[in-house]
Each structure stands twice: as C-alpha cells, then as structure tokens.
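Here's the structure we're looking at; comments come further down.
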Amino acid sequence: MKVAKSPDDLLPAKEMLSMTGLEVMQGVVAGKYPGPPMGHTLGYGLVKIDAGRAVFHGTPEFSVTNPSGPVHGGWYGAILDSAMACAVMTKVPRGSSYTTLEYKINIIRPIPLGMKVECTGTVDHVGRSTGIARGEIRGVENGKLYATGSTTCIVMDMSGR
C-alpha cells in the first residue's frame, strides 16, 4: 500500500469528493491513492475492501506497548476505528464525506507481540447523516477473537447542495 509522507501526498479533497467512498477505498487498496500514515506508523494497513466491509492486517510490535508490557488499548482502538470507519466510507455517496462520532471497544484477550491479526469492519447501516458499523480483531493463524468494537459515524454532504 502506498503511504503518504506529507500532506501534499494525500488525495485532494476535491478529487476525493468526485468519487464514491467505495471508489476511493478501492483506489487505496490498489495503490493508486495513499493510505493513512497512521496505519504505517502503528503497523497495520488496509488489505481488502468490499461494499460495506473493510479488512486490515496488523502486527503489534514493542513500540505499541504500555509500560507494563502488553499491547496498548489505543492500538486495538486505532485498528478497529480504521476498519469500522472505512467500512462506513464504502457506503458514502459521491460529494459526501464522513468522520467517526464515537466508538467503543471491548478487549477480550491480549494480542501477543509480533502476532499478525485481521481486523474486519462491517456496516450495519449507512443513511443520509449517520453510519453504524461493528468490528472484530482475530488472530490470522489461530482464528481467536481478541477484541470487538462498534462505531457511529457522521455522514456529511459536502457538495454545497
């Protein structure tokens, strides 16, 4: 996946608003548009996108631990927020944008450092002004559930209509 190294590398808002959210996300997966720099920094990235579904892979390393050693809860939150919000984006129409209003996570068990996980976000509903999605983090090798989440996003018409 292509990574933005400066604000100039990001897809311009005017170009982004000329496409549906699904078209933008498909461009990110294909390497046509850059993915979010945050995912690169935290060790995760978008690997698959479909209408209403986003899949990220990630591997937490030592740099994302808290002082007592385990993976920081913020890492779980970041990858879940990314997957759930990107799933919502796939349902956002041309001329609109979105952002997370709130999200909640439930950590079920600690993710071992260096273990590859898959985080899937799935849309429950996207309407004119809100989107709701859920997510889960599972081990790629063992299939165990490590965390779940839910989100509400605001959908904003940016077309000036």
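A short reminder: the numbers here are calculations on the coordinates, not readings from a lab. Keep in mind that what you see is a predicted model, and the values were worked out from it rather than measured. A quick note on method: Cβ atoms are made from the backbone with ideal geometry, for glycine too, and the neighbour counts reach across all protein chains shown.
Worth a mention:
- Residue (of Asn142, Thr90, Thr100) at the positive-pole extreme of region 7-157, dipole from beta-carbon charges: Asn142
- Inter-part distance where region 87-149 and region 25-55 are each reduced to a Cα centre, Å: 13
- Extension gain (nm, one decimal) between Thr100 and Asn66, 0.36 nm per residue minus Cα-Cα: 9.8 nm
- Selection from Pro67, Ile154, Pro37 lying farthest towards where the dipole of the chain points positive, charges on Cβ: Ile154
- Built amide H within the under 5 Å cut-off of Val3, gap 5+: Gly35
- Proximal lysines to Lys2, defined as alpha-carbon separation beneath 23 angstrom and excluding residues fewer than eight positions away on the same chain: Lys14, Lys32, Lys48, Lys91, Lys116
- Rounded to whole numbers, the Karplus 3J(HN,Hα) couplings from phi for region 62-72 are 3, 5, 10, 8, 8, x, 8, x, x, 4, 5 Hz, using 6.51 cos²θ - 1.76 cosθ + 1.60 with θ = phi - 60°, and x at Gly and Pro.
- Acute angle (nearest 10 degrees) that the helix 73-89 long axis makes with the longest principal axis of the chain, alpha-carbon atoms: 30
- Amide proton proximity set for His72, modelled H, under 5 Å, gap of 5+: Thr65, Asn66
- With the simple spin-label model, which puts each label point 7 Å out from Cα in the Cβ direction, the Glu141 to Ser6 separation comes to 4.1 nm.
- Remark: relative contact order (region 2-144) = 25 percent; criterion is Cα-Cα distance under 8 angstrom and separation of 6 or more residues.
- Two-site FRET efficiency, Ala13 against Ile154, from Cβ-Cβ distance with R₀ of 22 Å, rounded to 0.05: 0.85
- The order of the peptides 85-94, 136-145 by mean Cβ neighbours within 10 Å, most packed first, is 85-94, 136-145.
- The dipole here belongs to region 7-157: it is taken about the Cα centre, uses +1 on the Cβ of Lys and Arg and -1 on the Cβ of Asp and Glu, and is about 320 debye.
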